[in-house]
Amino acid sequence: MTTKIGAHRSRARWALVAVLAAALGLLIWSLRAPRVPEPVQAARKAGAPEAPPPGARRAAGVTAARTRAPAADPEPAPIIDGVEVEKPEVCAGEENLITVRSHTTNGTDEYLHTVIGRHTGSRVPLRIWPDQDGSYEMPTISVFGRNNVVRQVEVPRYKVNDCKPERIVAITQRLLPNTAAEYELTARILDVGVKDDPHARPFKPASYAWVFDDGESESTRAPFVTHSYERRPQTTLVSEFLIRVEVRGEAGEKLTGRALLQIPNIVFQNLTERGIVTLMATPTPRFPRQDGDGVVRQAFRLWHHGDAPVRIDSVSAVRHYMSARDSSPREEVSLGLVEIPPGQGVDVEVSFDAVSEPDVFTITYFLEGETAEGGAARGTFSLMKPPPMPTRESSIPVTEPVLLAKIKRARELLAREFVTDEDIWRLEREGKMADLDGSPPRTREGDGPP
């Protein structure tokens, strides 16, 4: 078997290395930036403290004891102005949009963040699946303010009938590697009530109309789309986007699905809590390339959310090595930067010679500057050495006939010498592999029914 066909197996082993390297720059910055506030439940009544519900605890990722409001000057708990329930009754598993309106009494509304049951966000398409005896509980709503004080109420009770919708549309989301906020959104049609109806007509999707809740929309023929929220305004602790997709079938029928995407705003935290303007770096392309001369190159667009230019005072770099625990001392370098203008920013290109520096794994750059108002500005980004191209010696030949046919099909469709498992998986979801084995598109772990 030729190396070209079996190459994606070798590249899979390097995928982990690539992800670790891409995460290295983010890790360094996370050590410099504050953590996203973690919900901690305040007392529902004076003198009666309670532990946060499981949903809030999972949303925060820590226990309530981790963070507490200052005892000497406690923050007032947010005020819940109202809870809107979209429908008075639904079938089991049917969406019902829950919207929470709240405010603070101390003018810190930008710190408000909400958890509804196990879902983060103030607008949640809630699904309730009753127990076998038909009973069900309404989730708890937790609204957090600054320093994680909380106010709690239950979702107003609505009726969940003993019925099932024929089909539901579930939207899953995945942050793409090496991006700040570019997401892949996937719509999956789940047969719920149809499974119990032998006479139900099949639903064949023909198009998907996406609404991203940031003023943009897009139509696709495939059940997935990518969208960037990188340029979202970061004026609050978190940004919320209620994503909606309308799926039209070949016979004209229509299904809809919604999902809430909540994104932490580190830029907001750095500015309000530390007085630092964050300098952003967007790589183009998303992954670095090593040319035939052995030089690793990648371009980065440097930008910020401010309205005035940021002057760059210094740029330094640290080299990290594959064969050593310690990195090199930080050294001053030049990127030819004087300032970063507002808006689209400025493009820079960085590189290093992987032939003369074979042990270099990644180079991390640190930028420091000053805003027009005299405030501090900081940012960081990393150039990673890509994994080596696969060879016959480093590859495992593919012998399974169906997978072999899919690899050949992917190479033809993408017009590339090498393809990866990610390429094949994407083409499967587009339906371009269905004739090879007759099976439905593969799903990943965690993509099952809610």
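If you average the alpha carbon positions of the stretch 157-200 and of the stretch 402-420, how far apart do those two centres end up, in angstrom?
Rounded to whole Å, the Cα centres lie 30 Å apart.
Let me check I've understood the local charge: for Glu370, count other residues with C-beta under 11 angstrom from its C-beta, Lys and Arg +1, Asp and Glu -1. What total comes out?
Values: positive: Arg311, Arg378; negative: Asp313, Glu339, Glu368, Glu373.
Result for the neighbourhood of Glu370: -2.
In Å, what is the Rg of the alpha-carbon atoms in the stretch 330-411, and how long is Dmax?
Rg and Dmax of the stretch 330-411, Cα atoms, are 21.2, 65 Å.
By the scheme Lys and Arg +1, Asp and Glu -1, what is the net charge of all other residues having a beta-carbon under 12 Å from that of Val355?
-4
Using r as the Cβ-Cβ distance of Gln344 and Leu404, and R0 as 51 Å, what FRET efficiency do you calculate, to the nearest 0.05?
For Gln344 and Leu404, the calculated efficiency is 0.70.
What's log10 of I(q)/I(0) for the stretch 285-370 at q = 0.21 Å⁻¹, Debye sum over Cα points only, no solvent?
Those come out to -1.07, one per q.
Could you do me a favour and compute the accessible area per residue for the stretch 321-374, 1.4 Å probe, result in Å²?
61
May I ask you to order 318-326, 255-263 by the average number of other C-beta atoms within 10 Å around their residues, highest value first?
255-263, 318-326
Note the direction-averaged projected area, equal to a quarter of the hull surface, for the Cα convex hull of the stretch 151-259, in nm². Working shown, then result.
Details: hull surface 40.2 nm².
Across all orientations, the stretch 151-259 yields a mean hull projection of 10.0 nm².
Can you list, bin by bin at 10 Å, the percent of alpha carbon pairs in the stretch 381-422, starting at 0?
Answer for the stretch 381-422: a P(r) of 22, 45, 24, 8, 1 percent.
Holding the Cα-Cα limit at 28 Å, pick out from Lys204/Lys406; Lys195/Lys408; Lys87/Lys254; Lys164/Lys432; Lys254/Lys408; Lys195/Lys254 the pairs that are longer than that.
Working: Lys204/Lys406 23 Å; Lys195/Lys408 35 Å; Lys87/Lys254 19 Å; Lys164/Lys432 32 Å; Lys254/Lys408 36 Å; Lys195/Lys254 19 Å.
In this structure, Lys195/Lys408; Lys164/Lys432; Lys254/Lys408 lie more than 28 Å apart at Cα.
All other residues with a Cβ under 13 Å from the Cβ of Ser328 taken together, and with Lys, Arg as +1 and Asp, Glu as -1, what is their net charge?
Net charge in that neighbourhood comes out at -2.
For the stretch 197-242, what is Rg from Cα atoms divided by 2.2 N^0.38 Å, rounded to two decimals?
My calculation over the Cα atoms of the stretch 197-242 gives 1.72.
Over the C-alpha atoms of the stretch 140-201, what are the Rg and the largest Cα-to-Cα span, Dmax, in Å?
Rg then Dmax for the stretch 140-201, in Å: 19.1, 56.
What percentage of the solvent-accessible surface of the stretch 338-408, computed with a 1.4 Å probe over protein heavy atoms, is contributed by carbon and sulfur atoms?
After summing per-atom areas, the C and S share lands at 55 percent.
Based on alpha-carbon atoms only, what is the radius of gyration of the stretch 300-450 relative to the globular estimate 2.2 N^0.38 Å?
In units of the 2.2 N^0.38 Å rule of thumb, it is 1.53.
The values are calculated or read from the model by the stated rules, or taken from the named source; none is laboratory data. Computed from a predicted model, the values in this text were never measured in an experiment. Here Cβ is always computed from backbone atoms with ideal geometry, including for glycine, and neighbour counts include all displayed protein chains. Accessible surface areas use protein heavy atoms only, side chains included; no ligands, DNA or RNA. Shrake-Rupley method; radii C 1.70, N 1.55, O 1.52, S 1.80 Å.
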